[in-house]
Amino acid sequence: MKKQLYRAAAATVLGLSLTTGIVAADTGNITNTGPGSSNNVTANSTDNSHLSNDNDVRLTNSNGQGASTGSANVSGNTTGGAAMSGAAANSNSVSASLTVSNSGSAGGSGGAMWSAASGSINTTGPGSSNNVTSNQTDNSSVRNDNDLTVTNTNSQSASSGSANVSGNTTGGSATSGSASNTSSSSFVFSVSN
């Protein structure tokens, strides 16, 4: 009677060991499985990140300048003196610098954070099937749209007044001043994707 009880207990333990099924996890350890068991450690990683950068940069600079000097005239005098017109000048300087960087977001795609399978299967029974599997799917995409537009309009005009000495018994000198325009523009764009 006692031998029959021992045999029944052993059969129960064996039956429990045969019920070991499939283990699906990122990490796992499987030990001491019975004969004919199926043991699996599986990791599934999917990257569905989509990154879109749309940079629109527009710069418009309009510079209109005009410089003119008045006329210098000596006339209708017995003794004419000197007449001088002053100088007129315009100066304009524009400098623009722009930096656009999207490089910091490039690391957010392309499978940078894969979770690989990590596991161990030890001491399995005869005829058992043991697998460690890692499945990785990368559906990531990066789209960069950079539109840079520069419009620079520079319109300049310079004229000096007339210098006239006439109708005098003794004529002096007449000098018209100079007229000048100066414009300087500098644009620097830097785009990094």
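The values are calculated or read from the model by the stated rules, or taken from the named source; none is laboratory data. Just so it is clear, the structure is predicted and the values come from calculations on it, not from any experiment. Every residue, glycine as well, gets a Cβ built from its backbone with ideal geometry; the counts of neighbours run over all protein chains shown.
Filtering segment 97-126 to residues that are surrounded by 14 or more Cβ atoms within 10 Å (Cβ to Cβ), within 20 Å of the chain's Cα centre (by Cα) and modelled with pLDDT of 80 or more leaves V100, N102. Taking first residues from segment 130-148 that are surrounded by 12 or more Cβ atoms within 10 Å (Cβ to Cβ) and of a type in the set (A, V, I, L, M, F, W, C) and partners that are at pLDDT below 80 and not in a strand (DSSP E or B), the Cβ contacts under 6 Å between residues at least 6 apart in sequence or on separate chains come to V132/A117; V142/S109. For segment 133-152, a residue qualifies if it is over 30 Å from S186 (Cβ atoms) and in contact with a strand residue (DSSP E or B) (Cβ under 6 Å, 6 or more places away or on another chain), and the qualifying residues are T133, S134, N135, Q136, T137, D138, S140, S141, V142, R143.
For residues that are surrounded by 15 or more Cβ atoms within 10 Å (Cβ to Cβ) and either among the aliphatic types (A, V, I, L, M) or over 18 Å from V94 (Cβ atoms) (or both), tally how many sit in segment 149-163. Matching residues across segment 149-163 total 4.
Just to be sure, is V41 assigned to a strand (DSSP E or B), of a type in the set (V, I, T), at pLDDT 85 or above and surrounded by 14 or more Cβ atoms within 10 Å (Cβ to Cβ)? No: the conditions fail for V41. Can you name every residue in segment 171-187 that is out of contact with any Leu (no Cβ under 7 Å at 6 or more places or on another chain) and over 17 Å from A72 (Cβ atoms)? Across segment 171-187, the qualifying residues are S180, N181, T182, S183, S184, S185, S186.
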